[in-house]
1. Residues of region 103-129 being touching a helix residue (DSSP H, G or I) at 6+ places or on another chain (Cβ under 8 Å) and either without any contact (Cβ under 8 Å) to a residue 60 or more places away in the chain or of a type in the set (Phe, Trp, Tyr) (or both), which ones?
2. Starting from region 169-198, keep only residues that are within 23 Å of Leu47 (Cα to Cα), then list their pairs with residues that are hydroxyl-bearing (Ser, Thr, Tyr) whose Cβ atoms are within a distance under 6 Å, requiring at least 6 positions of separation or different chains.
3. How many residues are closer than 14 Å to Ser198 by Cβ, assigned to a strand (DSSP E or B) and in contact with a helix residue (DSSP H, G or I) (Cβ under 9 Å, 6 or more places away or on another chain) when one looks only at region 14-56?
4. Do any residues in region 143-162 that are surrounded by fewer than 16 Cβ atoms within 10 Å (Cβ to Cβ) and at pLDDT 95 or above have Cβ atoms under 7 Å from those of residues that are part of a helix (DSSP H, G or I) and not hydrophobic (A, V, I, L, M, F, W, C), where the two are at least six apart or on different chains, and which pairs are they?
5. With the checklist (1) closer than 23 Å to Asp147 by Cα; (2) in a strand (DSSP E or B); (3) of a type in the set (A, V, I, L, M, F, W, C) in hand, flag the one item Ile105 doesn't pass.
6. Identify, by number, the condition in (1) in the same structural domain as Leu31 (by TED's automatic domain parsing); (2) within 30 Å of Phe7 (Cβ to Cβ) that Ile44 doesn't meet.
Amino acid sequence: MIEEINFETYLFISPKKFGIYLFDKKNFRNLYKQEQIYENIKNIINLEQLIKFLEKNIFKIEKLIGKFINNIFILIDYHHISNLTIGVKKKSYQEFINKKFLESIIIEAKDLFNENYNNQKIIHILIKKYMINDKTFLSFKENLRGDHFSIEVEFKYISKGFISEIEKILGNFQINIIKYFDVKYIQEFFNSDISQISEIIAKIQPGFNDNEAELVQKSIKKRGFFEKFFQLFS
């Protein structure tokens, strides 16, 4: 039996390919890897094929680890993932700009997104830049002085209807989805192809991008800058 803390399961979903990976975090390698390529003229994800793919592979993985798969990460490569950038500016009445003030602005941006796109599921929240009194920073610097603070926040999102279908399918296997990833974002961030996608996802898990606000609560050794957002955004 394999200890659950030593591995993670990833499911890759795209119109032309499905992949499932049981990743050994300790030795940084796949214990199980199965991919299937499909001809797909319509360029849409075939959910019936996904169900069949899972039926063929979930049992094999559970037999290998000697227990049921409880959690999984979903990697989506799909043109229906969209991007939207929102700018929020706020006057500061404090002596210094700190993390708590930053948190309030990101929450405000998220609430603004949800008010206008309530049928969309946020996958990633990325801070593109910070501005203090119109001076631009690419990463947050705490305890700076300024009367006005603004940020540009990029949301990567997809239809809640699509997400609901994926959750329903995994729910039939009693599997909980921990987090969704936009594969194109991962490719751009690492400037790499997706031939080793499981290794890439394993690297990005421990808050690799300090300018991303986390959406899902997860216990990790290295906590990124936005640790508090585990509760706020879940």
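The values are calculated or read from the model by the stated rules, or taken from the named source; none is laboratory data. Computed from a predicted model, the values in this text were never measured in an experiment. Note that each Cβ is placed from the backbone with ideal geometry, even for glycine, and that neighbours are counted across all protein chains shown.
1. Answer for region 103-129, where residues must be touching a helix residue (DSSP H, G or I) at 6+ places or on another chain (Cβ under 8 Å) and either without any contact (Cβ under 8 Å) to a residue 60 or more places away in the chain or of a type in the set (Phe, Trp, Tyr) (or both): Asn119, Gln120, Lys121.
2. Ser198/Tyr10; Ser198/Tyr21
3. The number of residues fulfilling the criteria is 13.
4. none
5. All conditions are met except number (2).
6. Here Ile44 clears every test but (2).
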